Each structure stands twice: as C-alpha cells, then as structure tokens.
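Enquirer: My structure is below; once you've seen it, I'll send some questions.
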Amino acid sequence: MTTHSYIEANKDRFLQELLDLLRIPSVSANPAHAGDMKRMAEATAEKLREAGADRVEICPTAGHPIVYGEKMVDPSLPTVLVYGHYDVQPPDPLDLWHSPPFEPVIRKTDIHPDGAIFARGACDDKGQFYMHVKAFEAMMATGGVPCNIKFMIEGEEEVGSNNLGTFVKANRARLACDVILISDTSVIANDQPSIDCGLRGLSYVEVEVTGPNRDLHSGVYGGAVANPINILARMIASMHDDAGRITIPGFYDDVQVLSESERAELNKAPFDLEAYKKDLGIDDVRGEAGFTTIERTGIRPTLDCNGIWGGYTGEGSKTVLPSKAFAKISMRLVPNQSTEKITELFAAHFRNIAPASVKVEVRPHHGGEPVVTPTDSKAYIAASKAMQETYGKKPIPTRGGGSIPIVALFEQELNAKSVLMGFGLDSDALHSPNEHYGVFNYFQGIRTIPLFFHYFARA
Ligand code: BES
Ligand code: MN
Ligand code: MN
C-alpha cells in the first residue's frame, strides 16, 4: 500500500481523532485549565506512541509540559525536528461563537466548500501539528520514514514559550537536527500555495497610569484633576503620526530595509484588496503610508493596543473620575530589531510623554525575536517540491505577520533553520471566535508532509 492510499483509506479516523483532540480545552493562559493541559499532553503523547514514535515522553517544565517523541532510523540520515503547539488561545468572547468552541462541528463555508472544522485550535495549531502525527503514522505503516524524525509539541506557544527555551538549552543533544519543520502558518489560498520565509518578532507590554490616589466624583473633581483614562488614550494615540508611523524615538533605527526589487518580489504574491476589505467588513485599510498591505504585515513593524480598561464599565452609568487606567500594547518587530531594545525604547518614551499629573508604570510581558528563513536550503526546496506536487502549483515565498517566538531561539541553540510549511488560511479566524480549519487543508497537509520527507531525505 502506498502512503497516499493509506491516508485515503484512513481519512475518517484521521478526522475523528482530530475532533477528539479539539474537545480538550487546552487553554494555556488560564490556570483553571491546568488539568486539561495535562490531559492534552497525555493524549498527544499517546497518539505519537500509537503512530510509531519511540522514547515518547511528557517532559515537565515550570509551566505546561512538552511532549517529545522520535523515530531514529539511521544516524547517518538527516534528522527533521517537527515543532508544534497543543495549547490554544482563550475562546472568549464566547457569545460570538456559532457553536461551542470545544465542541467541534464541520460546516461548509464559501472558502471551504468541502467543509471546515469549527473549534478553538482547529487551525492554530492542533489541526496543523496533528497532520504531522498522521503523516508520520502513514509513512510508518507503509514502509517507514525515509529519515530521522523528532517531535517536540509544546503547551505554551500562545503564552510566549517562556519555558521552552530552558528545555531546548538543556536538551541540545536530544533535539539535534538538520532542520525544524513547523506547520503553524498559512498559505495564500487553497489554489495558491505559499511558504512563509519570515516571522515578525514581538514586544508586549502592559502599562498602568495612575492619577489621584482613589476614584473621585467626576463632578466635584473633574476638570481639575488628571483623568488617567483620558491621559492614557492621548498617550496611545500619540504613538502614531498622521502617516501611520510610530513616534517612539529610535523605533525604526534597526529596521531592515528591503531593496526595491525585494519589495517588488514580495508584492508579486496575489492579493485582492477588495476581497480583503469585504472579508473584514471594512471600507478601507489603514497603515503606514508608502507601503502595501502585504508590506505592512510582512516587513514593517507595528504598534497595537490589544486591550484598554479602567473606570466604570458596568451597567448604566457611574460618574467617576477613575484613579487608574491600564492597557496592553504589542509591537510586532521585523528583522534586525531586538525585542529587548524596543521594549526599553517604549518604556522610556512612555515615561517621557506622561504629564506630571500622572504616574506611569510599564511592565514587559513576553517577547520574541523576528526571523527570516532561507529559500535556497535543501529543506525549503523539499517543501516547495512537496507542495508543488499536491497543489499543482509552485508555492510563493511570503512573509508571515505573526510570531512564533521560539523559532529564533531554535536557530541560536540548535544551529538549525526552520521551514514554515503551514496549511491554514489567514481567514480561518485564528484567535477569533469561530476559528476553523478546512477539511481539505487538513488532508492536504497530511498528503504533503510525507512528500517533504521523501524529497528532503534524498536531497
Ligand atoms: N500560529 C501563530 C502564528 C502565526 C499565525 C504566524 C499565522 C503566521 C501566520 C501562533 O500561534 C501565534 O499566534 N503566535 C502569537 C505569539 C505570541 C502569543 C507570543 C502571535 O503571533 O501573536
Ligand atoms: Mn500557532
Ligand atoms: Mn496562535
């Protein structure tokens, strides 16, 4: 039996198994789900074992465990380290889901005429890491893997992978590999494959602005005492100028500038602005002047307020001049920018622009360095050939706007580059209500991955 026919013969089971994993609410950010995280790690380990992996282990960390497994067929053959994450983002806001986030259902959509699996984590990243487990099973059941495989599936990607770095540093020998293969990104469209060749870095901070030492009557004190929410709103708004550029001094100093020809190459990727606006329900896009949408999300750094709160937000009204205001702010970074430096620049600027009438505090959260991956490596070429075969079209190299903080560290600690062979779509509502993953995309991944191994092992 060929690997391909094995996959075809086991499709129903492959789908059901993914649905079972999606029923486990493995939300890493929420301590209430610690038990579910453990269950999810155990289920992942069990599935790896069943698929034929050896030395499967649930490795404890200071946070959520990492699942490891491997199949070493011959030390003289190359080794691929598959990385993925079994944790998911919180499903909130729940009332916007058309079906419960942890009760997967398959529904057809315009973009997914063969159906899409709706559940938190369907695309990011359970559906995608599980393709590797099933592709591995299919290879093992039909003659074995053509080179060595290691799996490292973690449970803290969505909260910054803080403990994975320690694990990688302590396990360099066990994780030694020639390339890291990751399916946690997207393709341009189901009829236009692409491979991300870069990920943005991230600086994430939380700020606190304090005005008076207690909440005040807004009639008695309003107008005479600084309102920290008014002040914070002004401070955040001032961080972009009219051209959409970030005003933090030094913010752009290290930004890698692409040549005109590199920019032209990047903009060759098909992009339908009208469809993009329609999908998001917006009348216009907005961003840094002088750059296209592809460039704004791929090669330019950004600053976004992710949440802002303070004062009275309950039913009805309360006339209050609040003592405090808070915000969470993220900055996406591009090659040559450093998360530590940008966080410092932000903190200094934030303190600098705060008026004397308030006190401010900046608390850094997790970060991650930007990466670019080569398009001329054996592994990239193997991924490209594999996708060309299953999609019938050569994949276009693109730059992903999101971040996978650990990828830069892999390069540094394991001295290996990554290939970001993702199969999702940007419109799959990752991190949003009604996240989904195309049934086609899931099986396309399972069909493509063995071809990657085939071409990579022979390269
Ligand atoms: N899978 C995403 C990253 C991604 C998505 C890259 C689509 C490219 C295209 C990942 O799970 C993610 O969401 N990362 C976070 C990192 C953060 C929580 C530290 C992100 O980008 O916000
Ligand atoms: Mn992900
Ligand atoms: Mn994510």
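Enquirer: Of the trypsin sites (Lys or Arg not before Pro) in the range 370-428, which ones lie in a loop per DSSP and count no more than 16 other C-beta atoms within 10 Å?
Expert: 393
Enquirer: Sorting 106, 229 on the 10 Å Cβ count, fewest up front, what's the list?
Expert: Neighbour counts put them in this order, fewest first: 106, 229.
Enquirer: For a test of the definition: using alpha carbon positions, the gyration tensor, and the 1.5 limit on a/c, classify the range 13-69 as rounded, prolate or oblate.
Expert: oblate
Enquirer: A follow-up question, please. Run the numbers on the chain and let me know its relative contact order in percent, using alpha-carbon pairs under 8 Å that are six or more apart.
Expert: 25 percent
Enquirer: Only bridges with both residues in the chain count here: give the DSSP antiparallel percent, nearest 5.
Expert: Percent antiparallel among DSSP bridges in the chain is about 70.
Enquirer: Let me ask another. Among 234, 263, what is the fewest-to-most ranking by other Cβ atoms within 10 Å?
Expert: Listed from fewest to most nearby Cβ atoms, that is 234, 263.
Enquirer: A further question follows. If you take the alpha carbon radius of gyration of the chain and divide it by 2.2 N^0.38 Å, what ratio comes out, to two decimals?
Expert: Compactness ratio reported: 1.03.
Enquirer: Using alpha-carbon pairs under 8 Å, 6+ residues apart, how would you state the relative contact order of the range 1-90 in percent?
Expert: Taking the mean separation of contacting Cα pairs over the length of the range 1-90, I get 27 percent.
Enquirer: Still on this structure, please answer the following. Using Cα pairs under 8 angstrom and six or more residues apart, how large is the relative contact order of the range 63-127, in percent?
Expert: Computed over the range 63-127, the figure is 30 percent.
Enquirer: Quick check: Cα centre of the range 171-216 to Cα centre of the range 405-459, how many Å?
Expert: Measuring centre to centre over Cα atoms gives 14 Å.
Enquirer: Give the order of 261, 357, 403 when sorted by the count of other beta carbons within 10 angstrom, beginning with the fewest.
Expert: 261, 357, 403
Enquirer: Could you tell me the center-to-center distance, by alpha carbons, between the range 302-373 and the range 85-124 in angstrom?
Expert: 30 Å
Here, each number is a calculation from the coordinates, and none is a lab measurement. As the structure is a computational prediction, the values presented were derived from the model and not from experiment. Reconstructed Cβ throughout: ideal geometry from the backbone, glycine too, with neighbour counts over all protein chains shown.
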